Each structure stands twice: as structure tokens, then as C-alpha cells.
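Here the structure comes first, spelled out in C-alpha cells, and everything after it is commentary.
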Amino acid sequence: SPPAEPAGPLPPDSLRSSIAALYASNTFGSVLGVLAAAFWAIPGIGLARSAAICIACNLLCAVTALAVFPRPVQRAPERPPVDRRGARRAVTLLAVTGFLGISYEVLGVRVLGQVTEETVYTFAMLLAVYLAGTAAGAAGYQRWLARSRDRDGLGDRLIAALASACLLGTASLWAAERVKAWALDAFGAGFAVALAAEALLAVLAFGLPTIAMGAVFSHLSRTASQAGVGFGRALGVNLLAAAVAPVVCGVVAIPALGPKAVLLLIAAGYLAAATRRAWTRPMLWVPAMAALVLAVLAPPLRFVDLPAGGHIVSYQDGVMAAVSVVKDAAGVARLRIDNRQQEGSSATRRVDSRQAWLPLLLHPAPRRALFLGLGTGVTASSAADDPALEVDVVELLPEVIAASTHFIGQAESRPRLHVIAADARRYARASDRSYDVIVSDNFHPARSGSAALYTVEHFEAVRRRLAPGGVFCQWLPVHQLDLATVRSIVRAFVTVYPTSWAVIASNSLETPVLGLVARRDQDRFAMPGLIDRLSRLASRVRIAELGLEDELAVLGSAIAGPAALSRFAAGACANTDDHPIVAYTAPRATYAPDSTPRDRLIALLRELSIEPGELVLPVADPTWRDRLAAYWAARNRFVESGRGVRPSPNVRDMLAQVREPLLAVLRISPDFRPAYDPLLAMARALARSDVSGARALLGELSRLQPARSEAIQLLAALGAERR
């Protein structure tokens, strides 16, 4: 709650300029500052230069003030008479309203975070609306004071209006999801429309309450001044109470009571600030009854998208986010943060496990691994299947740690898996441990704060945590990024790791995940070490089920070498702490994607390239380099051939779409199992209704890959059945 009236008494009917008008002007300027910083200054020129401009402007204001405003003549100040009782009440109300005002802001932002995209633009918009409303209330107060016939009762009327406005703002939160959907449907997609929809939600939640807050503070400051309380003291008490609000409300009250209860308590707190005389009038009883009705009849303020036939397994309001686990009718569980960020599901175990094992297999003998980000826990817990490996996992949200038990069970069942509740970036900078392998999760880059995990400074901190020969893999969610943002992240990565590579976690077209891989002090991998590691793990860890059955499958995930990554990122600006490009560009792909994930993946494969000599040291087998290069070419052809495929439960329909494209892939590389295995499975299914068609397909497979026995054995079995 802002300052509104100067220290010292003012005539009751004074319409002269007051601190309220000055505050309104100042705060409207701050609205422009918030929007300029978020939409122009920081993304355009960086944090340091933006701060320097602000400092220069402040100095200019100071110099201008000294030059324009004459020094006051020193004379003994007139001390107003002190009304101790009135002063105590005014100071108390200033503290109470300061605390409740910021508490309402904290709650509104937390609830709207489950509906909005939670980008840097989201929070800039929410803050701008909050400031604009408060300034408008301060600007309008002097007018309302002049028109008031009962000035003694004006304070109670303003407090009643504020309580009612908070209840209306709270009620709008239940409709926030529908309002946003309506706005997007009515005005179409696009960056500007998405931002306007979030601004509309902010106006509904904060507009009327903040206007009333500005007016209430203006009135209380004027009342305090008339009671002999200096403006400095009034402002100090209000701000000190406001500073306590985020701790009490955000850290204690929300997790304990939930947003709905706390918001209604805020409205009740405002009502309690009114005088006894005011309770004889309907202006307080109406909002009091409305609060009671909402407390009894309104559902909890939580947003969880449920699929048809699905249900909520768990839900927890935490200090920083609401974390839920949702299970659909098929039994597939999904982890969500604030309902807008899916952190994985039980249906993605194979890909999630590959994100652990691809980097782990690139180290000849890892003993300790660090995973930045837990999510469902599948990735890190899969790594803990290695009996020789100790796994540390850093997760920011304790609620995510609790929710992960629905996917991987209790931590006691995996004694080598150690989960640490901490900030991943700070842990990388402050820890004194060294790790053989570090894997960083594919954090959603548009979410506020996540972009700091893709900066040059963070990558340098991770490098210091790597043991000699250590491997670092940073996964990037290409389905949540545009290519311009990918270039900025790659530029930051190659700045720290110039001899790095890129891999893909799987051949998925819908959720492609890119991995940036680097070694601390070596530039290529030794084939004997990889072969030996695979042979040692084969009997103890089921890595073959992840499609990592041999060295070709592991190294075949590579899509770019150091030279290609350097060319790819050449024209991009590196994402740094001072110039956080990702925080300001990634949201645009979230609000209004310029391409589909499959188009982005194919564009990457076409632009990037790699040579076997960039990835592995020379080997004795003269055919190895050609086989690896053919595997990569087959992989690229496989991905492109899947672009137009439409899944069908009918095996004949699927074969009509994929038979020739997949056989063409196998002609490039008979080693490419992602094309061989689906055709083999379809041949088995086809054999139930069309034996001759199945035999023809199996004959093709056995000719292309005679070293594999599956097709030959199935072909022989069909021949025996026919006889």
C-alpha cells in the first residue's frame, strides 16, 4: 500500500495538491518502468545496462530537483496537536492494510500462476496492473474526499469497498480459466492476444481491489497526519508490515490453509478494520455474508485439467507452486506443476530412462552422478539401477519430491539414490563435490527462473563440478522452444564447452528432446571403453530394453559435432546472466508457436551434421566409420519418413503407410533397429490374417539383416504352420 498524504495537518476541506496526487503520478511512471524493463530494456540491452540507465535517470532527477526547487527557509516547524488515540488507530490500520494488501497480491499471483503461462511477461503484466490500480485509487481519493458529505465515515466506506472488491477479485479467480479460453477463442492466437488475455485476468483479479487500496491508504495517511503522525512514520509502518506479508502468507499460510481460505481471511481482515459504528450498516454485512457464502459453498481454488475418466491422485499447495499427480482412465499418471507444466508421466518411462543412460554410457566407469531436476524421478532412479553408481538429485520443490513417490516408490527402496531439496543452480555453484556424470533436466525455458539454468555462468559452474573425464549432458525440450532460442542456448554451451556434441533422446516427432553433451577434458570417446561398459552392464541393467543394446545404438543418437554446433550458433547471442535472452524469447514460442515440434526437429537434422571422426577415436575395424555414418543417415531418413504418418490400429493401414519408407531406411543401414523392430512387430500381427503377406515382409527383413535371427525364426515358424 502506497503513501498518500504529507506529514502535518491539512485543512479538512483542502483541495490543494497532496501527496496522493504526487504518489499517483510517481506510480503511473513506475507502471511504464515495469513494462519498459520487461518488453524492451532487459531483452534489448541486458540487465547491467538497464540498471545503469535507471541510475543515470535517478541522478538526473536529483540534479534537476536541486536546480529547480529552491531550498526552504529554515524556521521552526509548526507541531500539530497530537491525538494519541487517533494516532494509535491510524498507525495500526496502516500496518494492517499494508500486510493485507501485499498478502492479496501474493495470493492473486499464486492462483493466476495455475492459469497463465508464468513467464517473465506474465509477472510484469500482473505487477503493472497492480501498480496502475493503486495509483488510480490514490489519484481518485482527493475527488472522493471533496464529494463526501460524511467525511468521518469515509474511512469505513472505503474499507467496506475494499473488502467487497477483494471478494469480487477472489470470485474472478474461479472463472479465470474460462475467461482466458474465451479471450483466446474470441480474438485468435498470437503473442499479443495471449498477453492481452493474461492482462484481462490481472485486471479482473487486481483492478478494483488495488483502486480501493490506493484510496484507503490515502485516507489513512491523511487521518494519521491530522492526528500528528509524520508521513515518514506512517509510510515506514505500512511498508514494514507489507514486508512481513510474503513470509507469513506465502511461506506459512498458503501451504497450511490453501489459497481460498487465505483470500477469504484477507477480506475478513479488512472488515475487522472498520469501526463498530460501521457494523450497524449493510455496507459491512453484505461483504461479510458474501465471504461466508464463498467459504461454505465455493470449491477450493485449484486448477487441475482432468482427462476423461481421470482423477486426481495427489495435490499439494507448496510455497512456490501447486503440484499435482493426475491419472487418466488408462492408468497413466502425469506430474504437473501449477497445472501448466507437465513434468513427465508413467507413459514416458522409456524416453525418461534414456535421458539418464545415454550420458551414463558415455563415461567408461562412473561412480557418482548428479541429476539437476527430479520431475517424476524416473530418469534419476533409472540411473540408480547401476549397482556401481551413487546418484544425487537436486530438486527445488519439496512437493515434487513427495509426488515422485507415485512414480518410483519410496526412496528407501533405492539406497543409492539421494534426493536433495535445493536450487539446482545454487547447488552447482556452492557444492564442493565432484561428479563423473552430470545430467541437467529439460527445464521448460519459458517458465520464470528456468532460463537461468541455460546460461554461460551456470554451464561454467557445472564444469567446476565435473571430475576428470567427467561427462555433462544438458537436455533441451525442442517441443517447447523455437529454433532462435535453441541457438542462444547452444551458443552459451559451446562458449564453455567448445568441443561438444548434440544428441537426441529418442526419435519422437511430438516431444523431441535435444541433448548437448560435453566432456571436461577430452574431446572424443574411446570405442573400447564403451563396448566394455555395455558388456559389463548387459547382465545387470536392462539397457537393451531402452534401445541401447550396442555401441551403434548409443553413438547413433548423435546429430551434431563441434563444427556443426559452432556454425549453428554462430549468429546467435549467448544466453547469460546479464543478457538473459532465453527468458524473453522462449515465452514467444509458448504463447504463439511459429512451427510444430516435428518441423523443428527435422529442421535441426537438416542443418546439423557430424562425422564419425568428431565423435570417436580411431578404431581398428575399417568398416566401423561407414556403419556409423550410415546409421545416422538412416536415422534422419526415419524421422523424416514419419512426418506424414497417421497412426492407425489397423495393421494393414499402418503397413500401407510405413512399409516402403522403413524398408528404404533399412537399405541405408541394416543396423537401424528403430525401423526393423516395428516391421517385425507388424509382420507378427499380419500373420494372424495374411500369412503370405507376413512371409513376404519377413523375407525382405531377413534379406536386409541376415545377422538377426528374429525374422528368420518367425519365417520358419510360419512355414512349419503352413505345412
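What the table below lists for this structure:
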quantity: Some residue of region 147-170 being more than 20 Å from Leu284 (Cα to Cα) and modelled with pLDDT under 95; calculated: yes
quantity: Checking Trp285 against (1) of a type outside the set (A, V, I, L, M); (2) touching a residue at least 24 places away in the same chain (Cβ under 8 Å); (3) open to solvent by 40 Å² or more (accessible area, probe 1.4 Å), the condition it does not meet; calculated: (2)
quantity: Pairs with Cβ under 6 Å, 6+ apart, first in region 44-62 and closer than 15 Å to Gly33 by Cβ, second small (Gly, Ala, Ser) and part of a helix (DSSP H, G or I); calculated: Ser50/Ala41
quantity: Hey, Ala633 in a helix (DSSP H, G or I), under 15 Å from Ile559 (Cβ atoms), in contact with a helix residue (DSSP H, G or I) (Cβ under 6 Å, 6 or more places away or on another chain) and touching a residue at least 24 places away in the same chain (Cβ under 8 Å) or not; calculated: yes
quantity: Count - residues of region 366-398 that are in contact with an Asp or Glu (Cβ under 8 Å, 6 or more places away or on another chain) and small (Gly, Ala, Ser); calculated: 4
quantity: Meets criteria (open to solvent by 10 Å² or more (accessible area, probe 1.4 Å) and either modelled with pLDDT of 95 or more or touching a strand residue (DSSP E or B) at 6+ places or on another chain (Cβ under 8 Å) (or both)) for Leu200; calculated: yes
quantity: Lone qualifier among Gly236, Gly269 - being assigned to a helix (DSSP H, G or I), closer than 22 Å to Arg157 by Cα, open to solvent by less than 70 Å² (accessible area, probe 1.4 Å) and not charged (D, E, K, R); calculated: Gly269
quantity: Some residue of region 156-171 being open to solvent by less than 20 Å² (accessible area, probe 1.4 Å), farther than 22 Å from Val262 by Cα and not aliphatic (A, V, I, L, M); calculated: yes
quantity: Any chance Leu516 is at pLDDT 95 or above, over 21 Å from Val120 (Cα atoms) and not small (Gly, Ala, Ser); calculated: yes
quantity: Tally, over region 211-232, of residues that are crowded, with 16+ Cβ neighbours inside 10 Å and more than 20 Å from Tyr104 (Cβ to Cβ); calculated: 9
quantity: Test result for Ala146, open to solvent by 40 Å² or more (accessible area, probe 1.4 Å) and more than 21 Å from the chain's Cα centre (by Cα); calculated: yes
quantity: Test: residue in region 491-499 that is under 16 Å from the mean Cα position of the chain (by Cα) and open to solvent by 10 Å² or more (accessible area, probe 1.4 Å); calculated: no
quantity: Test for Gly373: is it within 21 Å of Ala467 (Cβ to Cβ) and touching a Phe, Trp or Tyr at 6+ places or on another chain (Cβ under 8 Å); calculated: yes
quantity: Residue that is open to solvent by less than 50 Å² (accessible area, probe 1.4 Å), within 30 Å of Leu93 (Cβ to Cβ) and modelled with pLDDT of 90 or more, where the choices are Ala321, Ala356, Ala298; calculated: Ala298
quantity: Single residue of Phe99, Phe69, Phe28 found to be open to solvent by 50 Å² or more (accessible area, probe 1.4 Å) and at pLDDT 90 or above; calculated: Phe99
quantity: Candidates Ala241, Ala261, filtered to the one that is under 24 Å from Tyr315 (Cβ atoms), modelled with pLDDT of 95 or more and either open to solvent by 10 Å² or more (accessible area, probe 1.4 Å) or more than 34 Å from the chain's Cα centre (by Cα) (or both); calculated: Ala261
quantity: Within region 647-723, helices (runs of 4 or more DSSP H) holding 3 or more residues that are open to solvent by less than 40 Å² (accessible area, probe 1.4 Å) and either of a type outside the set (A, V, I, L, M) or modelled with pLDDT of 85 or more (or both); calculated: 651-668, 673-686, 691-704
quantity: Residue tally, condition within 14 Å of Ser225 (Cβ to Cβ) and either outside any helix (DSSP H, G or I) or within 28 Å of the chain's Cα centre (by Cα) (or both), over region 89-103; calculated: 0
quantity: One residue from Leu145, Leu167, Leu173, Leu162 being more than 30 Å from Val293 (Cα to Cα), part of a helix (DSSP H, G or I) and out of contact with any His (no Cβ under 6 Å at 6 or more places or on another chain); calculated: Leu145
quantity: Considering residues of region 415-439 that are touching a strand residue (DSSP E or B) at 6+ places or on another chain (Cβ under 7 Å) and among the charged types (D, E, K, R) only, the residue modelled with the lowest pLDDT; calculated: Arg416
quantity: Those residues of region 395-430 which are farther than 24 Å from Arg350 by Cβ and of a type in the set (A, V, I, L, M), in sequence order; calculated: Leu396, Leu397, Ala402, Ile420, Ala421, Ala422, Ala424, Ala428, Ala430
quantity: Output for region 104-121, where each listed residue is assigned to a helix (DSSP H, G or I) and either farther than 30 Å from Val582 by Cβ or of a type outside the set (Lys, Arg) (or both); calculated: Tyr104, Glu105, Val106, Leu107, Gly108, Val109, Val111, Leu112, Val120, Tyr121
quantity: Residue list for region 237-267, filter: of a type in the set (Val, Ile, Thr) and closer than 22 Å to Phe303 by Cβ; calculated: Val251, Ile254, Val262, Ile266
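The values are calculated or read from the model by the stated rules, or taken from the named source; none is laboratory data. As the structure is a computational prediction, the values presented were derived from the model and not from experiment. Note: ideal-geometry Cβ built from the backbone for every residue, glycine included; neighbour counts use all protein chains shown. Accessible surface is based on the protein model in full, side chains and every heavy atom, while ligands, DNA and RNA are left aside. Shrake-Rupley method; radii C 1.70, N 1.55, O 1.52, S 1.80 Å.
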